[in-house]
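Below: one structure, written as structure tokens.
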Amino acid sequence: MDDLTRDGHIDLDDAIFTLPPEGLGSAQSALGRTRLRTFITLRWLAVAGQTVAVLFVAFGLNFDMPLALCLSIIAASAWLNVFLSFAFQSQRLTRGWEATLQLAFDTVQLAALIAATGGLSNPFLLLLVAPVTVAALSLSPFRATLIALLALLLAALMPMIHLPLPWGVADSTVALPALFQLGQFAALAVGVVFFALSAARVSQDEARLVRALDAAGVVMAREQRLSALGAMSAMTTHELGTPLATIHLVAKELQGDLGPDDPRAEDIILIAEQADRCRAILATIREAREATDIVHAQIPLDSLVAEAAAPFKGLGVEVRVRAEAGDGGDARAPVLKRSPEVLHALGAFIENAVSFADTRVNVVATWTADQIIITISDDGPGFAPEVLPKLGEPYVSQRGEAHLGGGDMGLGFFIAKTLIERTGGRIATRNRTPPKRGAVVQTLWPLTLLQAPDLD
């Protein structure tokens, strides 16, 4: 008896269902490709903020500053926005190099404005982090690194190329100590690196989640297409039956009207034979479907588990399948609606267990009066402690390696988990209680969600 059951009773105390449902969203945005309108909007916001700041310093604080030069630098961004708005569709997705050039321009423009108002002495120096952060969110790592290096290079040149820091007294300037300016540059460098890495990590996680959801959607779409093909075949056999019967009947009537020596008789006989052949093919399809329709639409729980495990027997690891009633469950296994999602997910879990098992994999299906529990356990090394809390997230390999059909992407468990949740189930994962070794994956459904309707 597996350690998940005690005295024939289901024990779910140790199987805490902590994997949060992810659902199946859809990727609305193309990561790494940003709309031109987004860049234009951000640039207009920058233009507005820079203009207000410059005018406030010049007229509100009465600081002596090169107002015409500052407004000219700001106007360059405004003119770029006007050009882009008229030259291109704002809804189009920018290419990587286009976005890189725009962000490079924004970095140079902002650096020029800061250099014109004090350089490294300007307290607004840290605003150079802004275009670097946008680059980290919207560009590839390589291009984002180029923008970050450009920002740091321009900051490094400011001690040599800059105008004095404006001050409140006419014809007076303030020269801050070199050590202070070095601290400003160091703060900028730390900010650029920190925000760039943080934004890049967030963007990468989002991109991975989008691709994982897309992969799960592909699996579900395939299963749905298979079901649609089955329905189409049934409709085809039904709809073609009547016209073929009509062709056969008319051919027989024409055959009776024509004499044996009529040159058309041979053609009429051929038409009747081919109609009979088509009817026979449709009858074969219909009989096969009728013979298996109930099996296709409905399947006992024990047969479902056996079918999911069948492809993985004879691979060097013993796969034991067992079905038993729990508390309040009928002696006979419940009959379920055949679900391609459930079969795919269980097969993926079993495949993963076989991949890591030393000698044996146990697949136990248990049912009670109101729920179904399927437990898959192996005698392998178990889940790594650092991996166990993250199972169910995309791009997390189950035990340090990629399995479950996810190739080297680590999507298998995520896809299988998503398929289970799509059918209303939950997943629990843990390692077996020492001294026993191995991993345990447990799935649970309310019986009413999977149980097939009574045909009687």
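What follows is calculated from the coordinates using simple rules that are stated; it is not laboratory data. All values reported here derive from a predicted model rather than from experimental measurement. In this analysis, Cβ positions are derived from the backbone assuming ideal geometry, glycine residues included, and neighbour counts consider all displayed protein chains.
Couplings for the stretch 339-349, taken from phi via the Karplus curve 6.51 cos²θ - 1.76 cosθ + 1.60 with θ = phi - 60°, read 10, x, 5, 5, 4, 5, 5, 4, x, 5, 5 Hz in order; Gly and Pro are left as x. Remark on residue 339: its backbone amide H falls under 5 Å from none of the residues 5 or more positions apart or on other chains, H modelled at 1.01 Å from N. The label point for residue 274 and the one for residue 261, both projected 7 Å from the Cα toward the Cβ, are 2.8 nm apart. The local environment of residue 312, defined by Cβ-Cβ distances under 14 Å, has a net charge of -1 under the rule Lys, Arg +1 and Asp, Glu -1. Taking a quarter of the surface of the Cα convex hull of the stretch 85-139 gives a mean projected area of 4.5 nm².
Fewest to most neighbouring Cβ within 10 Å: what's the order for 423, 107? Least to most surrounded, the residues fall as 423, 107. Placing a pseudo-label 7 Å from each Cα along the Cα-to-Cβ vector at residue 59 and residue 249 gives an inter-label distance of 9.3 nm. Here the extension length gained between residue 307 and residue 447 equals 48.5 nm, from 0.36 nm per residue of separation less the Cα-Cα distance. The lysines within cross-link reach of residue 390, meaning a Cα-to-Cα straight distance under 18 Å and a gap of 8 or more places when in the same chain, are 417. Put in order of Cβ neighbour count within 10 Å, fewest first, the listed residues 445, 79 become 79, 445. Using the Karplus relation 6.51 cos²θ - 1.76 cosθ + 1.60 with θ = phi - 60°, the per-residue 3J(HN,Hα) values for the stretch 298-312 come to 9, 7, x, 4, 5, 5, 4, 5, 4, 5, 5, 8, 4, x, 10 Hz, with x marking Gly and Pro.
Placing dummy labels 7 Å off each Cα toward the beta-carbon, the span from residue 75 to residue 436 is 8.0 nm.
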